[in-house]
Amino acid sequence: MVPLVAVVSGPRAQLFACLLRLGTQQVGPLQLHTGASHAARNHYEVLVLGGGSGGITMAARMKRKVGAENVAIVEPSERHFYQPIWTLVGAGAKQLSSSGRPTASVIPSGVEWIKARVTEFNPDKNCIHTDDDEKISYRYLIIALGIQLDYEKIKGLPEGFAHPKIGSNYSVETVEKTWKALQDFKEGNAIFTFPNTPVKCAGAPQKIMYLSEAYFRKTGKRSKANIIFNTSLGAIFGVKKYADALQEIIQERNLTVNYKKTLIEVRADKQEAVFENLDKPGETQVISYEMLHVTPPMSPPDVLKTSPVADAAGWVDVDKETLQHKRYPNVFGIGDCTNLPTSKTAAAVAAQSGILDRTISVIMKNQTPIKKYDGYTSCPLVTGYSRVILAEFDYKAEPLETFPFDQSKERLSMYVMKADLMPFLYWNMMLRGYWGGPAFLRKLFHLGMS
């Protein structure tokens with residue numbers, strides 16, 4: 001594998017790599033949760049709901065603040081996944097096994113793992129209820145429940161995944177079906193969809209399109225493939241700088257993009273997809289497919305939708321700068337389950353974790369938070385098996401780039417970062433509470449330019 005320092009030339013790149021090595025040395029070996037039983041308790045100083053990226057990261061940070069014995073995570077799943085890599089799994093560039101680890105191995109040592117599902121919120125009494133009839137109270141609550149996949153909102157799914165030619169990179173059960181459909185492609189339409197709801201990693205639905213096109217070229221099938229991207233949105237990307245770059249790629253590679261089209265039904269036995277025209281509700285179109293990649297509709301987890309901590313749309317209602325709940329000062333939210341008006345990505349969670357850490361620290365001291373989240377998020381737009389456009393932007397959909405070069409250009413270095421460096425940072429630094437995003441690197445590089 002080509003090391004990052006070999007493909008991002010110059011002294012700043014070498015400094016970046018040295019900082020990463022130094023960072024891991026300072027962190028030292030982590031004593032991980034082994035799954036050993038702890039005495040059950042019904043009250044914690046900090047209670048974290050969700051054992052995904054945001055939950056594990058914040059548990060690690062809170063452990064250093066209040067002690068492991070005063071922190072608990074409520075999470076039912078036995079395995080934890082680094083989901084951003086599933087784009088590459090669906091294209092055959094990574095193995096699914098590389099994306100998951102036992103949940104017990106990522107929960108910080110000493111932190112209580114409550115293996116249950118949240119069923120009810122009662123923030124007025126500072127407690128929650130779980131599906132095993134337990135009531136757990138807290139002093140501070142961090143909600144990190146992620147986002148819910150709603151395949152069933154598309155007629156014919158999820159049962160349609162039992163048929164060939166169809167896959168989805170958004171689920172551990174269906175991501176390898178994408179790779180199988182790609183390999184089995186012979187001739188016809190390869191269709192990729194984007195739903196009419198908020199989604200996590202909004203670039204992923206088109207990343208697999210670019211990778212599929214590259215695979216067809218590599219295997220001599222490109223002339224037999226009609227590649228179609230049907231999106232409910234009105235633009236290919238929400239930030240103009242990167243949208244312009246993607247439009248050039250779309251034209252160069254002869255890809256068909258249809259806007260304001262949403263998938264409403266899959267007839268998997270007939271290999272047909274039905275789309276509704278959002279500009280003309282009720283008007284539908286049936287398209288046959290040789291390959292179909294589905295991005296499912298998504299929503300807040302059901303337990304949140306009608307809870308006291310949710311806004312009218314069902315998302316955790318937090319201040320967009322501090323991540324503190326708007327009505328309950330000892331409740332906080334992070335990641336995909338919140339109503340933060342930025343793209344829902346793991347990179348956003350990393351940046352949010354640093355801000356939330358500081359917010360909770362000052363609130364514990366009865367002070368007012370001053371550190372503000374600017375909406376930073378990142379989407380490594382994979383455009384081929386060795387190329388990435390690294391989109392980074394803020395609440396205003398303005399580029400907020402880390403590196404001292406034009407990130408709207410396809411680069412091998414950014415692919416290596418996506419495929420190899422970011423998973424390393426995730427498992428070894430972010431989940432340990434030592435990675436709050438690239439803000440310090442951005443300052444370092446830009447100071448070096450001045």
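The values are calculated or read from the model by the stated rules, or taken from the named source; none is laboratory data. In this text, all values refer to a predicted model and were calculated from it rather than measured experimentally. Virtual Cβ from ideal backbone geometry, glycine too; neighbours counted across all protein chains shown. We work out accessible area using only protein heavy atoms, side chains counted, and drop any ligands, DNA or RNA first. Shrake-Rupley method; radii C 1.70, N 1.55, O 1.52, S 1.80 Å.
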Quiz item: Of all strands (runs of 3 or more DSSP E) completely enclosed by the stretch 155-264, which ones contain at least 2 residues that are in contact (Cβ under 8 Å) with a residue 12 or more places away in the chain and small (Gly, Ala, Ser)?
Solution: 188-194
Quiz item: Just a yes or no: is a residue in the stretch 75-88 in contact with a strand residue (DSSP E or B) (Cβ under 6 Å, 6 or more places away or on another chain) and either of a type in the set (Lys, Arg) or farther than 26 Å from Ala214 by Cβ (or both)?
Solution: yes
Quiz item: Within the group Gln324, Gln367, which residue is more than 27 Å from Gln148 (Cβ to Cβ) and more than 18 Å from the chain's Cα centre (by Cα)?
Solution: Gln367
Quiz item: Which one is least open to solvent (accessible area, probe 1.4 Å) among residues in the stretch 131-143 that are in contact (Cβ under 8 Å) with a residue 60 or more places away in the chain and over 21 Å from Ser361 (Cα atoms)?
Solution: Ile136
Quiz item: Taking strands (runs of 3 or more DSSP E) that fall entirely within the stretch 322-436, which contain at least 1 residues that are hydroxyl-bearing (Ser, Thr, Tyr) and more than 18 Å from Lys94 (Cβ to Cβ)?
Solution: 377-384
Exercise. Considering each residue of the stretch 384-411, count those that are open to solvent by less than 30 Å² (accessible area, probe 1.4 Å) and within 18 Å of the chain's Cα centre (by Cα), and give that number.
Key: 7
Exercise. For the stretch 47-84, name all the residues that are open to solvent by 50 Å² or more (accessible area, probe 1.4 Å) and assigned to a helix (DSSP H, G or I).
Key: Lys63, Arg64, Lys65, Glu69, Gln83
Practice problem: Those residues that are assigned to a helix (DSSP H, G or I) and not β-branched (Val, Ile, Thr), I need them from the stretch 296-321; list them, please. | Solution: Asp302, Leu304, Lys305
Practice problem: Give the residues of the stretch 222-231 that are surrounded by 17 or more Cβ atoms within 10 Å (Cβ to Cβ) and under 13 Å from Glu187 (Cα atoms), sorted by residue number. | Solution: Ala225, Ile227
Exercise. Quick one: which residue in Val106, Val89 is assigned by the TED database to the domain that holds Met430, modelled with pLDDT of 95 or more and under 30 Å from Gln271 (Cβ atoms)?
Key: Val89
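Residue-by-condition table, conditions (1) farther than 22 Å from Lys344 by Cα; (2) aromatic (Phe, Trp, Tyr):
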site: Met62; (1), (2): yes, no
site: Val66; (1), (2): yes, no
site: Ala72; (1), (2): yes, no
site: Ser77; (1), (2): no, no
site: Phe81; (1), (2): no, yes
site: Trp86; (1), (2): no, yes
site: Pro102; (1), (2): yes, no
Practice problem: Please work out which residue is surrounded by the fewest Cβ atoms within 10 Å (Cβ to Cβ), limiting yourself to the stretch 272-321 and to residues that are touching a Pro at 6+ places or on another chain (Cβ under 8 Å) and without any contact (Cβ under 8 Å) to a residue 24 or more places away in the chain. | Solution: Gly314
Self-check item: Search result, residues across the stretch 85-121 that are open to solvent by 10 Å² or more (accessible area, probe 1.4 Å), farther than 30 Å from Tyr140 by Cα, among the aliphatic types (A, V, I, L, M) and in a helix (DSSP H, G or I)
Solution: Leu96
Quiz item: Quick one: how many residues across the stretch 344-372 are of a type in the set (Ser, Thr, Tyr) and surrounded by 23 or more Cβ atoms within 10 Å (Cβ to Cβ)?
Solution: 3
Quiz item: So Ile128 clears everything in (1) open to solvent by 50 Å² or more (accessible area, probe 1.4 Å); (2) of a type outside the set (D, E, K, R); (3) in contact (Cβ under 8 Å) with a residue 60 or more places away in the chain except one condition, right? Which one?
Solution: (1)
